Amino acid sequence: MHLIPLDHCATPSNSLSSRPGRSELGRGGSLVRNPLSPAVDWLADQHSRWIHSSGFQIQHSTSPGLSAIVHKAMPNFFRSTTGLVLLLAWFVSGCAWVHQTATLHLNPQITPSGIGAGRTIAVRVDDRRTSDILGYRGLDSQDASITTKQNIPALFETKIIEGLVAKGFKAVAFTDQSAGVLNVEVKEIIYTTDLEFLKGSMQARASLRVSTTKNGLFFDQNYSGTRKETILEAPPASRNEELINAAISDSVQRMFEDSRLMSFLAN
């Protein structure tokens, strides 16, 4: 089950305004009004108002209307429990996500220094991710993917060069003639969600492999960034981006916080 916020949810079109099944046949063929009909109708109206006040998109679906679901599912005096369960199930899972194109930004906190002393470093970044998909929207679902149209190597290269310059190096983009090459592999950028009972979580992970060779010595180290939050409903697109951006920024920041790497490049 997953709750759906504003950006990109579809709800049944056979919809909340219809009110079939208010009365049912009792014994002897007489019509008996469902005693919970007013409560069910009120819940349906509240759900409809919440959908529209929250800015949800409404899309056609073959799902039956909310009142029809609840009225039909509640036999005799068990109607209250069953109906509310179905109401909750429809409320949290009756919507469909759409694809998200994320905009990634790197904002690592890098402390300036003069350790580089003007030494030239050429930066080469390769995208080694196994998939272009960052993750999926919703809670514990794979209904709609999250991707980006950005050039991942260029994104990281720009920020890493800026960071090296802040550390006192003369950093440039890699060319075939470059000496003193810093190799950076983007191994993963992954966004996941999970749902346990009525509590959810969202997590973003990023991992870099950094390597370089100098005077016959080889340096090789992984740096990662992870951000995780507990959530009560599926996050909107903007929140997904914030978490992913925080994770990728952390991975680059960890790299510049490694004094061994900085010393290896400088000496």
Contact order relative to length of the range 100-266, as percent, for alpha carbon pairs under 8 angstrom and 6 or more apart:
27
Between residue 258 and residue 128, what is the label-to-label distance in nm when each label sits 7 Å out along the Cα-to-Cβ direction?
1.1
At 0.36 nm per residue, minus the direct Cα-Cα distance, what do residue 242 and residue 196 gain on full extension? Give it in nm, one decimal, please.
14.3 nm
Rough spin-label spacing in nm, given labels placed 7 Å along Cα→Cβ, for residue 188 and residue 111
3.0
Exposure proxy check: 255, 262 ranked by fewest other beta carbons within 10 Å?
262, 255
Contour excess over end-to-end distance, with Cα ends at residue 232 and residue 154 and 0.36 nm allotted per residue:
24.5 nm
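Listed here are the pairs 159/199; 149/214; 149/187; 149/170; 187/228; which of them are more than 26 Å apart at the Cα? Present the calculation step by step, with values, prior to reporting the outcome.
Numbers: 159/199 36 Å; 149/214 35 Å; 149/187 18 Å; 149/170 30 Å; 187/228 19 Å.
Pairs exceeding the cut-off: 159/199; 149/214; 149/170.
Ranked highest first by the average count of other Cβ atoms within 10 Å around their residues, in what order do 199-205, 185-191, 106-112 fall? Let's see the in-between values first.
Working: 199-205: 18.7, 185-191: 20.4, 106-112: 14.3.
The packing order, highest mean first, is 185-191, 199-205, 106-112.
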Going by C-beta contacts inside 10 Å, put 220, 140, 250 in order with the fewest on the left.
220, 140, 250
Residue 267-residue 211 FRET efficiency (beta carbon distance; Förster radius 22 Å; 0.05 resolution)
0.85
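Give me the net charge of residue 203's neighbourhood, meaning all other residues with Cβ under 11 Å from the Cβ of residue 203; Lys, Arg count +1, Asp, Glu -1. Numbers along the way, then the final one.
Numbers: positive: 205, 227, 228; negative: 194, 229.
That sum, taken over residues with Cβ under 11 Å, equals +1.
No lab work stands behind these numbers, since they all come straight from the coordinates. As the structure is a prediction and not an experimental result, all values here were calculated from the model. Please note: Cβ atoms are built from the backbone with ideal geometry, for glycine as well, and neighbour counts cover all protein chains shown.
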